[in-house]
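The values are calculated or read from the model by the stated rules, or taken from the named source; none is laboratory data. Every value quoted in this text rests on a predicted model; they were computed, and no experiment measured them. Here the Cβ positions follow ideal geometry from the backbone for every residue, glycine too, while neighbour counts run over all protein chains shown.
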Amino acid sequence: MALDHPLRDYGLKSERLLWPEKAPGAFETEVAELETKVGLTTLQKAVAWSQTKSMWPDTFGLACCAIEMMSIVSSRYDIARFGMEAFRSSPRQADLLIVSGRVSHKMAAPLRQIYDQMLEPKWVIAMGACASSGGMFNNYAIVQSVDKVVPVDVYVPGCPPRPEQLIEGIVRLHEAVQAGVPPAYELRSVAS
Ligand code: SF4
């Protein structure tokens, strides 16, 4: 499904930060303030809010980036503040697949199987240069971006990305979900 409107139409805050002049209009701001003060919301917004407060990641690590991913559950980074400390061992109980590390061609099929076993809605973060683009491994053994296997919602750059960068990616994903942006599998297929 193609995205009919630019992301800012969905209220994505990060794009507004990049484009300050695209900030919401006075009317939109007043309505948002009124909603906050009176406590009004819609069922869709309430569901989106709850999804971002209980987005359980799948226990899935591939390479060095996985060590950085593991540290986000520690007290220093405290992913529990988002209700996300419960890494699930079964893909059927997980909402988020963090692809942390390089994906070899041998691992592509199991990765896709895990993704297919996750229930919808589900999201994917490509963590690090290897998962996003193959990184330094421009060779026959490594898939040159995991978006050739599964649709990716957020790319986190770095080699390895620090835990703070991964948390930044998670916060951006939460913003998108709360703004009503559909998951990547509804927006695009895998790259060819
Ligand atoms: S991006 Fe860097 S740290 Fe992450 S898997 Fe690749 S080589 Fe390892």
Quiz item: Among the residues of the stretch 66-84, which ones are of a type in the set (D, E, K, R) and either touching a strand residue (DSSP E or B) at 6+ places or on another chain (Cβ under 9 Å) or not in a loop (DSSP other than H, G, I, E, B) (or both)?
Solution: GLU68, ARG81
Exercise. Kindly indicate whether any position in the stretch 116-136 is of a type in the set (Lys, Arg), part of a loop (DSSP other than H, G, I, E, B) and under 24 Å from GLN51 (Cα atoms).
Key: yes
Self-check item: The one condition in (1) in contact (Cβ under 8 Å) with a residue 12 or more places away in the chain; (2) exposed (fewer than 12 other Cβ atoms within 10 Å of the Cβ); (3) aliphatic (A, V, I, L, M) that VAL38 fails to fulfil
Solution: (1)
Self-check item: Qualifying residues in the stretch 47-80 (those that are surrounded by 15 or more Cβ atoms within 10 Å (Cβ to Cβ) and not hydrophobic (A, V, I, L, M, F, W, C)) - the one farthest from the ligand (Cβ to nearest atom)
Solution: GLN51
Exercise. Among the candidates VAL150, VAL146, VAL124, VAL154, single out the residue that is assigned by TED's automatic domain parsing to the domain that holds PHE82, free of Cβ contacts under 8 Å to residues at least 40 places away in the same chain, of a type outside the set (S, T, N, Q) and more than 26 Å from ALA32 (Cα to Cα).
Key: VAL154
Practice problem: Taking only the stretch 160-192 into account, find how many residues are surrounded by fewer than 17 Cβ atoms within 10 Å (Cβ to Cβ), within 14 Å of the chain's Cα centre (by Cα) and outside any helix (DSSP H, G or I). | Solution: 2
Quiz item: When the stretch 96-111 is examined, which residues are found to be assigned to a helix (DSSP H, G or I) and within 16 Å of the ligand (Cβ to nearest atom)?
Solution: HIS105, LYS106, MET107, ALA108, LEU111
Quiz item: Going through the stretch 131-143 one residue at a time, which ones are over 25 Å from GLU175 (Cα atoms) and either surrounded by fewer than 18 Cβ atoms within 10 Å (Cβ to Cβ) or in contact (Cβ under 8 Å) with a residue 40 or more places away in the chain (or both)?
Solution: MET136, PHE137, ASN138, ASN139, TYR140, ALA141, ILE142, VAL143
